[in-house]
1. Identify all residues within segment 102-144 that are free of Cβ contacts under 8 Å to residues at least 40 places away in the same chain and touching a helix residue (DSSP H, G or I) at 6+ places or on another chain (Cβ under 7 Å); write none if there are none.
2. Go through segment 13-32 residue by residue and tally those that are assigned to a helix (DSSP H, G or I) and either at pLDDT below 95 or more than 21 Å from residue 99 (Cα to Cα) (or both).
3. Residue 66 is checked against (1) over 17 Å from residue 101 (Cβ atoms); (2) in contact (Cβ under 8 Å) with a residue 60 or more places away in the chain and fails just one. What number does that condition carry?
4. One residue is enough: does segment 75-87 have a residue meeting the conditions closer than 16 Å to residue 129 by Cα and in contact with a helix residue (DSSP H, G or I) (Cβ under 6 Å, 6 or more places away or on another chain)?
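The values are calculated or read from the model by the stated rules, or taken from the named source; none is laboratory data. Quick caveat, the model's predicted, so the values are computed rather than measured. Here the Cβ positions follow ideal geometry from the backbone for every residue, glycine too, while neighbour counts run over all protein chains shown.
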């Protein structure tokens, strides 16, 4: 699902010119497609950090985060604002590849194992919630498709 969903997101974004990629107004708001790509990367990075922490027997860092999701998203978009479009694209692609490789390396037993001793929440539950959306676990990208497709319809470069 992650691979297929990202392919659809990427296909839409690839239709934009370099200028449109950095133009705000996505979803009628202040984000650009560049910001969205960075946002998607952020949550994949959170998933990677979570599995690394779980493997060390520690709580997932995102589980320790005290900010509300909107505030966390705002902070992360601001943190990445100075990065160039090329840096964002390259980094997001590498992070996506890494999350796919990390997940592929988990065997079935690990996916259904408790996230931490004494908890009912499984590794799959934790990772699925980090990368989840309105369509369920591991379905973050679809939450942004209507906005990005409307933006692309308005700004596509031929």
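1. Within segment 102-144, 110, 111, 112, 113, 122, 124, 133, 134, 135, 137 qualify.
2. Restricting attention to segment 13-32, the residues satisfying the condition of being assigned to a helix (DSSP H, G or I) are 13, 18-21.
Then keep just the ones that are either at pLDDT below 95 or more than 21 Å from residue 99 (Cα to Cα) (or both); that gives 18-21.
Result for segment 13-32: 4.
3. (2)
4. First, pick out the residues of segment 75-87 that are closer than 16 Å to residue 129 by Cα: none.
No - not one qualifying residue is present in segment 75-87.
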